[in-house]
Structures are given as structure tokens and as C-alpha cells.
């Protein structure tokens, strides 16, 4: 006949093994939770080079005009938003010559507004960020150097990395 002490010893081993398995599982679960915490903020997602790919113009909700923003035979125009708040805006003109409109940029996560200011003449543009993913950015011009874009007009730009 098996003694009760042997049964309790075996049960104690089983309970200890189960406790270690649960502890190991919970530590592993915490590791994956830490990975979620390290997601980039919207401002961090904006940082880097964004090619100006497509421009769209809407009137009263209807698409009136759409164009590829790449000058034929040239590289895409682009924004480069730096971590320190500086920006380069590279635009290409006839013959693919480029000009840099350097300056600063700011992003307000609460209002989803992206503001760019050129260093040479303080030319300011304010965009509403409609969509921001790791490789796609869709913005709507809402203020062009002090001129508010009317509500019935939407000027959108789609940018890619």
C-alpha cells in the first residue's frame, strides 16, 4: 500500500513544476508587453524622408484633379523631417535642378497638425495629418502662409518613404 507521505511528496513536486511553468509563462508574457510599449510616437513616425508622390484637389467633396508630383525624369520632391525639429524641403524644377527650402517643423499630436516654416522667409504651411503609417503619410493643406483653405476645398498630398 502506498503511504500518504509519498502521495503528498509527488503532489508537491507536481505543484512546484506547475508553479515554475506558470512563472516562466508570465515572465515571457511580460517580455512581449514590453515590446508593445516601445512603439513609436506619431512624431517619431514623421521623422525621416517623405517623397511627395500624389497631389489631389477636391471641390465640394468631389475629386477635381489628381497628379503625380514627380517632375518627369527627376527624383521625387520630398520633405525630410529631422529629430531636432529642422526640415529640408527639396523641390525639383525644369532640368531636374533642385532647391532646398530648409527650416523647421512641428507636430501637435492632439490636433494632428503638422507645421512647416521656411528659414529664408518664414513661409508657413499647416497641414492636417489624415493618415500616418510607417511608410505612408496623407496630409491636407489647411493654412497656406496665413491663408486659410476654405472648407469646401481639400488639397491633399500623399507621401511615401
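The values are calculated or read from the model by the stated rules, or taken from the named source; none is laboratory data. Please read all numbers here as calculations on a predicted model, not as lab measurements. Neighbour counts are summed over all protein chains in view; Cβ atoms, including those assigned to glycine, are modelled from backbone coordinates with ideal geometry.
Looking at 89, 151, which one is assigned by TED's automatic domain parsing to the domain that holds residue 52 and in contact (Cβ under 8 Å) with a residue 24 or more places away in the chain?
Values: 151 fails: in contact (Cβ under 8 Å) with a residue 24 or more places away in the chain.
Checking each option against the conditions leaves just 89.
Looking at the stretch 86-97 only, could you name the residues that are surrounded by fewer than 14 Cβ atoms within 10 Å (Cβ to Cβ) and farther than 17 Å from residue 44 by Cβ?
Hits for the stretch 86-97 are 93, 94, 95, 96, 97.
Scan 58, 76 and give me the residue that is in a loop (DSSP other than H, G, I, E, B), surrounded by 16 or more Cβ atoms within 10 Å (Cβ to Cβ), in the same structural domain as residue 110 (by TED's automatic domain parsing) and out of contact with any helix residue (DSSP H, G or I) (no Cβ under 9 Å at 6 or more places or on another chain).
Working: 58 fails: in a loop (DSSP other than H, G, I, E, B).
Answer to the selection: 76.
Determine which member of the set 120, 68, 88 is over 22 Å from residue 153 (Cα atoms) and out of contact with any strand residue (DSSP E or B) (no Cβ under 6 Å at 6 or more places or on another chain). Spell out the reasoning first.
Values: 68 fails: over 22 Å from residue 153 (Cα atoms); 88 fails: out of contact with any strand residue (DSSP E or B) (no Cβ under 6 Å at 6 or more places or on another chain).
Matching residue, one of 120, 68, 88: 120.
Checking residue 131 against (1) over 11 Å from the mean Cα position of the chain (by Cα); (2) surrounded by fewer than 13 Cβ atoms within 10 Å (Cβ to Cβ); (3) more than 16 Å from residue 87 (Cα to Cα), which test does it fail?
Here residue 131 meets the rest and fails (1).
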